[in-house]
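K.L.:
What follows is a structure written as structure tokens; I'll ask about it next.
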Amino acid sequence: MAKSEKRKVVLVGTGMVGMSYAYCLLNQNVCEELVLIDVDKKRAEGEAMDLNHGLAFASSNMRIYAGGYRDCQDADIVAICAGVAQQPGETRLDLLKRNAKVFKSIVDPVTASGFNGIFLVATNPVDIMTRITYALSGFNPRRVLGSGTALDTARLRYLLGEYLNVDPRNVHAYVIGEHGDSEFVPWSQAFLATKPITELCDSSEDVCMDRLSEIAAEVQGAAYKIIEAKKATYYGIGMAMTRITKAILGDENSVLTVSAMLRGEYGQTDVFAGVPCIINRNGIQRILEISLNEEEQQKFEDSCRILRDSYDQMR
Ligand code: NAD
């Protein structure tokens, strides 16, 4: 964390995702200083002007300006949303090679600035881009995290809340693994308050496993559906990134499913994947290892293998 009291976020990539995040940071009063960087400098300048013109209506003041990599030196968080958006029909892994090149041109100057904060990555395929950020920066892996399955988990809780007719905040369930096609829900660890959701299937006629599986499939296909309808997804991820940012800057010790480097957890190494983590001002305070049954453990291993293979293919 930076030494000053001022909370400072640098955003690299002022496209749809980046600016949804920035707009949300402003509306939720998350930091005192927000720097916008983009390879398209004019775009970053225009976005800074646009946000500044909303300050008179905001609930607090924020210093917002288009800057350069030297501004990262005293930042608490550098959030990377730069890259190319997923095209209709294109898988997240197809994006890898295009986005890997972009990252070298970003992470090198950020670290050269003397930046000593936390990297937060949204660019897809996010687990691999986060691992690339870790490799390029040489940072402690606890200070490099990706949005992972945070948004997928929010989608899951919302859909389960609707189905079970309860407030999603009382639904405790996670999407884990790759943010992508091999992600899955470990149902053995899904709870309504303290009641296992699988037990509800056994005891209630209104809740059935088939519908739960459909909900998991809906979550997994949500991005494709939104992209088909409106070409890109950005509000949800902007809010998920803001939630993670608040957990870091507020030193919250909140549990969020971010992309984190596994160092033996779930029997995995050399991979970044979405898992429930305790997040605070140091980044990932700890990976919370939930108890997977045999089938879930196998699915998690498969997901990690896919991520490891695509990272290796890219090199
Ligand atoms: P976008 O095209 O609107 O914006 C990308 C921005 O990155 C552009 O402003 C572009 O100029 C900038 N950029 C490109 N190369 C750069 C460089 N070298 N340095 C600095 N800036 C550079 O795209 P978008 O819709 O905002 O999506 C951004 C990324 O977020 C994509 O990879 C997308 O797949 C991903 N995404 C992730 C999630 C998630 O859940 N993690 C959800 C939605 C989208």
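The values are calculated or read from the model by the stated rules, or taken from the named source; none is laboratory data. Here the structure is a predicted model, which means the values were calculated and not measured. All Cβ positions, even for glycine, are placed from backbone atoms using ideal geometry, and neighbour counts span all protein chains on display. For the accessible areas, the whole protein counts, side chains as well, though only heavy atoms, and no ligand, DNA or RNA atoms are used. Shrake-Rupley method; radii C 1.70, N 1.55, O 1.52, S 1.80 Å.
K.L.:
Which FRET efficiency, nearest 0.05, do ARG315 and ASN27 yield, Cβ-Cβ r, R0 41 Å?
P.N.:
E between ARG315 and ASN27, to the nearest 0.05, is 0.55.
K.L.:
Hey, if you put +1 on the Cβ of every Lys and Arg and -1 on every Asp and Glu Cβ in region 8-146, which of PRO141, ALA48, THR14 ends up farthest toward the positive end of that dipole?
P.N.:
PRO141
K.L.:
Next question. For ASP40, put the label point 7 Å out on the Cα→Cβ axis and report which residues of region 54-85 keep their amide N under 14 Å from it.
P.N.:
Backbone N within reach: 82-85.
K.L.:
Under the Kirkwood approximation applied to all pairs of distinct alpha-carbon atoms, what is the hydrodynamic radius of region 8-146 in Å?
P.N.:
15.1
K.L.:
With only alpha-carbon atoms in the gyration tensor, what are the semi-axes of the equivalent ellipsoid for the chain, in Å, largest first?
P.N.:
They are 32, 22, 19 Å, listed from largest to smallest.
K.L.:
Let me ask another. Can you give the extra length, in nm with one decimal, that the chain gains between ARG211 and ILE226 once fully stretched, where that is 0.36 nm per residue apart less the Cα-Cα distance?
P.N.:
Roughly 3.3 nm would be gained on extension.
K.L.:
Now for a different question. Just the number, please: percent antiparallel of the DSSP beta bridges in the chain, rounded to the nearest 5.
P.N.:
Percent antiparallel among DSSP bridges in the chain is about 50.
K.L.:
Choose one of GLY68, GLY267, THR130: the residue whose Cα lies farthest towards the positive end of the charge dipole of the chain (beta-carbon charges +1 Lys, Arg; -1 Asp, Glu; about the Cα centre).
P.N.:
GLY68
K.L.:
Right, another one. Relative to the first principal axis of the alpha-carbon coordinates of the chain, what is the inclination of helix 16-27, with its axis defined by its Cα atoms, in degrees from 0 to 90 and to the nearest 10?
P.N.:
With both axes taken from Cα atoms, the answer is about 80 degrees.
K.L.:
Treating only the Cβ of Lys, Arg, Asp and Glu as charged (+1, +1, -1, -1), what charge dipole size does the chain show about its Cα centre? Round to the nearest 20 debye.
P.N.:
1380
K.L.:
While we're looking at this one, here's another question. Which of the residue pairs LYS104/LYS225; LYS231/LYS299; LYS41/LYS104 have a Cα-Cα distance greater than 21 Å in the structure shown?
P.N.:
Correct reply: LYS104/LYS225; LYS231/LYS299.
K.L.:
Could you tell me how many degrees, from 0 to 90 and to the nearest 10, lie between the Cα long axis of helix 209-230 and the main elongation axis, the longest principal axis, of the Cα atoms of the chain?
P.N.:
The two axes meet at around 30 degrees.
K.L.:
Express in nm, to one decimal, how much length is gained between ARG305 and ASN116 on full extension, taking 0.36 nm for each residue of separation and deducting their alpha carbon distance.
P.N.:
Full extension from ARG305 to ASN116 adds 64.9 nm.
K.L.:
Compare the peptides 292-303, 252-263 by average per-residue count of other Cβ atoms within 10 angstrom and give them in order, highest first.
P.N.:
252-263, 292-303
K.L.:
Please compute the modelled spin-label separation between ARG263 and ARG98, points set 7 Å along Cα→Cβ, answer in nm with one decimal.
P.N.:
Those two pseudo-labels are separated by 3.5 nm.
K.L.:
State the extension gain, in nm to one decimal, for the chain segment bounded by GLN87 and ARG169, taking 0.36 nm per residue of separation less the distance between their alpha-carbons.
P.N.:
Going from the current span to full extension adds 26.3 nm.
K.L.:
Express in whole angstrom the spacing between the alpha-carbon centres of region 201-227 and region 238-275.
P.N.:
24
K.L.:
From the square roots a ≥ b ≥ c of the eigenvalues of the alpha-carbon gyration tensor of region 165-250, which class results: rounded (a/c under 1.5), prolate (a/b over b/c), or oblate?
P.N.:
oblate
K.L.:
Ok, one more. From Cα pairs below 8 angstrom and at least 6 apart in sequence, can you work out the relative contact order of the chain, rounded to a whole percent?
P.N.:
Taking the mean separation of contacting Cα pairs over the length of the chain, I get 18 percent.
K.L.:
Sticking with this structure for a sec: Rounded to the nearest 500 deg cm²/dmol, what is the calculated helix-only ellipticity per residue at 222 nm for the chain, with -39500 (n - 2.57) per DSSP H run of length n ≥ 4?
P.N.:
-14000 deg cm²/dmol
K.L.:
Roll a 1.4 angstrom probe over the protein heavy atoms and tell me the percent of accessible area of the chain that is carbon or sulfur.
P.N.:
Carbon with sulfur: 49 percent of the solvent-accessible area.
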